[in-house]
Amino acid sequence: MHGTAAPMKRFFCVLAQVFLFAAVLQGQSSVWKISSENGNSIFLGGSVHILRAEDYPLPAEFDMAYKKASVLVLEADIDRMEDPEVIQKTIRKMVLPENQTLRSVLGESVYRRFEEKCIELGIPPQSLKRFKPSIAVNMLTMAELQMLGFSQFGVDQYYLSKAKEDGKSLDFLESVDFQVDLLTDLGYGYENEYILYSLDDFENTEQGIPVLIEEWKSGGSSDMNQSLAEMKEVFPTVYQKMVSDRNSSWMPILEEYLNSEIIELVIVGLAHLHGPDGLLDQLERRGYTAEQLRF
């Protein structure tokens, strides 16, 4: 999608955001035109996966790229999450083994902090007792984001719906099954650290996320780079699974697109674009040209 635990949260919101007020004045965007020496090109856009009503209409550069592209490419077909078979698999993957509860897998002090955050958000802690840490934290994250007014489709869902209405061709970088497995298994083996890092990150949500959204609109990258560096240092395993491994697996697909005369608009979570392992840096190292679109 192009794409939220602290890492999970950063992928629901940071996972697609950008920065620099100066960039607003320059008219830049979170959409890049990637060109190869043979003259072929694709568009690469950064997505925030959930937005506020006030964030619409989306920056004009997204529509510009969408109209020029013959194919829309997203991380996964998120509409398949409504498939009954996918729903059943997801539910099975979300819950802890029968002999475990969230309280039993967390240390006493960690669980106490988790309980306090639940109460603060008006969520009964007992209602989350059977969920895996990554799922429980994401439920808290979504509750907090909704309190802050985030209830609208993100960029990826918006264009997926539009493409289906327009009959535009679609392609996906990953399967829904892969994403379900990835997200439900986060935190396994390091549950306490994962929960603590996530709870600490909540402290910056109210002030930090609006800043990130403004940076996404303007096409900057400084705060995203900082977030990625922090994740890589504090949670290298999560960073590798959520960011670097996936970026590397997508590169051959992007290069295949660039070997074709067909123009694709590829929309991924913004965290996948930036940083030393980001798609933009990897593409430029391989000799492609990246140019930010300006309306």
Are there any pairs with C-beta distances below 6 angstrom linking a residue in segment 135-161 that is more than 18 Å from residue 216 (Cβ to Cβ) and assigned to a helix (DSSP H, G or I) to a residue that is at pLDDT below 90 and not hydrophobic (A, V, I, L, M, F, W, C), with the two at least 6 apart or on different chains, and if so which?
137/198; 144/205
By residue number, the members of segment 236-253 that are crowded, with 22+ Cβ neighbours inside 10 Å and either within 21 Å of residue 283 (Cα to Cα) or touching a Phe, Trp or Tyr at 6+ places or on another chain (Cβ under 7 Å) (or both) are 242, 243, 246
Being surrounded by 22 or more Cβ atoms within 10 Å (Cβ to Cβ) and of a type in the set (A, V, I, L, M, F, W, C) narrows it down to one of 258, 279, so name that one.
279
Does segment 94-101 contain any residue that is among the aliphatic types (A, V, I, L, M), exposed (fewer than 13 other Cβ atoms within 10 Å of the Cβ) and either at negative phi or assigned to a helix (DSSP H, G or I) (or both)?
no
Here the residues within segment 244-288 that are β-branched (Val, Ile, Thr) and closer than 18 Å to residue 220 by Cα are 267, 268
Return yes or no: is residue 94 at pLDDT below 95 and either among the β-branched types (Val, Ile, Thr) or under 21 Å from the mean Cα position of the chain (by Cα) (or both)?
no
Run down 234, 243, 266 and say which single residue is touching a His at 6+ places or on another chain (Cβ under 7 Å) and hydrophobic (A, V, I, L, M, F, W, C).
243
When (1) surrounded by fewer than 18 Cβ atoms within 10 Å (Cβ to Cβ); (2) more than 16 Å from the chain's Cα centre (by Cα); (3) within 30 Å of residue 102 (Cβ to Cβ) are applied to residue 222, the one that fails is (3)
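The values are calculated or read from the model by the stated rules, or taken from the named source; none is laboratory data. The structure displayed is predicted, hence computed values, not measured ones. Don't worry about glycine lacking a Cβ; one is built from the backbone with ideal geometry, like all the others, and counts go over all protein chains shown.
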